[in-house]
Amino acid sequence: MTEFGALMFPTEYAIQPAELAQAIESRNLDSIFFPEHTHIPADRRTPYPVGGDLPREYINTYDPFVALSACAAVTNRIKLGTGICLIVERDVITLAKETATLDRMSGGRLILGIGAGWLGEEMENHGVDFNKRWQVTREKVLALRQLWTQEAAEYHGEFVDFDPVWSNPKPVQPNGPQIWMGATSKWSFDRIAEYCDGWLPAAHLTEGLLPEIEAAMNNRGRKMSELTLSLFASPPDEEFITQKKEEGFTHFVFGLPAAGPDEVLPILDQYAALAEKMR
């Protein structure tokens, strides 16, 4: 079944997370996604990837796990996703606790969308070398899997290293929440195949990439059917959605402005009508 959700930068001046989550669930949509930036360095040198000025919401966004916890408390069905969590900037033992707690409190509804990020100065403030961000990402994902699934978890790598620990609670989902990667570079295909359950690319960056991912999955002894294909910031366009469904995408996440209810809810009504038609 095709699923549809919405993403928004949650901020103090936008519709609040709990209200948005209730609106999404009441409209029979399927998911809510929040992005992450722990902070924005005031002396940023790295340019905004899409050009122009950095949007205001990047500097004002809530912590995604706190915001999603508010959403979990007032909903029963919708999936709760990070889109994306900058895993390189988080202590992995703490992240295991946060994600397992949220997954358990929500009844197994968490999706952990991840990425390594683009803002070098932000990572540097967390002690991460920008040029090694993907090596760090890999080790943290593998360590996270251990913490989610092993009674006495341990991991020994170059960037993550700990002896056996007890990390509880465990997630409701047997192998932990699904991990979806939000990346589209030529190097991301093998990373997805090695340690991810899904792909969450920006919708406008997917053309011609599915054969590359399928080849990477085959090289890792995995089938494409094991991978959830989702689209981030999908255009609400019937022709586009129909094409992507034929390609195998099953989850479409529409964008919302970081704005108040008067602006957001009518847009959400349009998305809900489209989703009902396209299922």
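The values are calculated or read from the model by the stated rules, or taken from the named source; none is laboratory data. This one's a predicted model, so the numbers in the text were calculated from it and none came from an experiment. Positions of Cβ are backbone-derived with ideal geometry, glycine not excepted, and every protein chain shown enters the neighbour counts.
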Within the set of pairs 6 or more residues apart or between chains, which connect a residue that is more than 15 Å from A272 (Cβ to Cβ) inside the range 236-253 to a residue that is hydroxyl-bearing (S, T, Y) and part of a loop (DSSP other than H, G, I, E, B) with Cβ atoms less than 8 Å apart?
-> F240/S234; K244/T206; K244/S234; K245/T2; T250/T2; H251/T2
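Residues are listed down the side, and each one gets a yes or a no for (1) closer than 22 Å to P49 by Cα; (2) assigned to a loop (DSSP other than H, G, I, E, B):
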residue	(1), (2)
W180	yes, no
S185	yes, yes
F189	yes, no
A193	no, no
E207	yes, yes
S225	no, no
Subset of the range 217-246, residues within 26 Å of C85 (Cβ to Cβ), of a type outside the set (K, R) and out of contact with any Phe, Trp or Tyr (no Cβ under 9 Å at 6 or more places or on another chain), comes to M224, S225, E226
Determine if the range 21-43 includes at least one residue that is touching a Leu at 6+ places or on another chain (Cβ under 7 Å), surrounded by fewer than 23 Cβ atoms within 10 Å (Cβ to Cβ) and in a helix (DSSP H, G or I).
-> yes
Filtering the range 227-263 down to residues that are assigned to a strand (DSSP E or B), touching a helix residue (DSSP H, G or I) at 6+ places or on another chain (Cβ under 9 Å) and under 19 Å from C196 (Cα atoms) yields L229, L231, F232, F252, V253
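Looking at G107, G120, G127, which one is over 19 Å from the mean Cα position of the chain (by Cα), at pLDDT 95 or above, on the phi > 0 side of the Ramachandran plot and not hydrophobic (A, V, I, L, M, F, W, C)? Talk me through it step by step, then tell me what you get.
Details: G107 fails: over 19 Å from the mean Cα position of the chain (by Cα); G120 fails: on the phi > 0 side of the Ramachandran plot.
None of the other options fit; the residue is G127.
Results for (1) part of a helix (DSSP H, G or I); (2) touching a Pro at 6+ places or on another chain (Cβ under 6 Å); (3) surrounded by 23 or more Cβ atoms within 10 Å (Cβ to Cβ), shown as yes or no for each residue.
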residue: R104; (1), (2), (3): yes, yes, no
residue: G113; (1), (2), (3): no, no, yes
residue: V128; (1), (2), (3): no, no, no
residue: N131; (1), (2), (3): yes, no, no
residue: E151; (1), (2), (3): no, no, no
residue: E154; (1), (2), (3): no, yes, no
residue: F159; (1), (2), (3): no, no, no
Qualifying positions in the range 142-197 - more than 15 Å from the chain's Cα centre (by Cα), aromatic (F, W, Y) and closer than 30 Å to G208 by Cα | W187, F189
When you scan the range 174-233, how many residues do you find that are of a type in the set (A, V, I, L, M) and more than 21 Å from L112 (Cβ to Cβ)?
-> 3
Residues of the range 264-273 being in contact with a Pro (Cβ under 9 Å, 6 or more places away or on another chain) and either under 22 Å from L80 (Cβ atoms) or assigned to a loop (DSSP other than H, G, I, E, B) (or both), in sequence order, are V264, I267, Y271
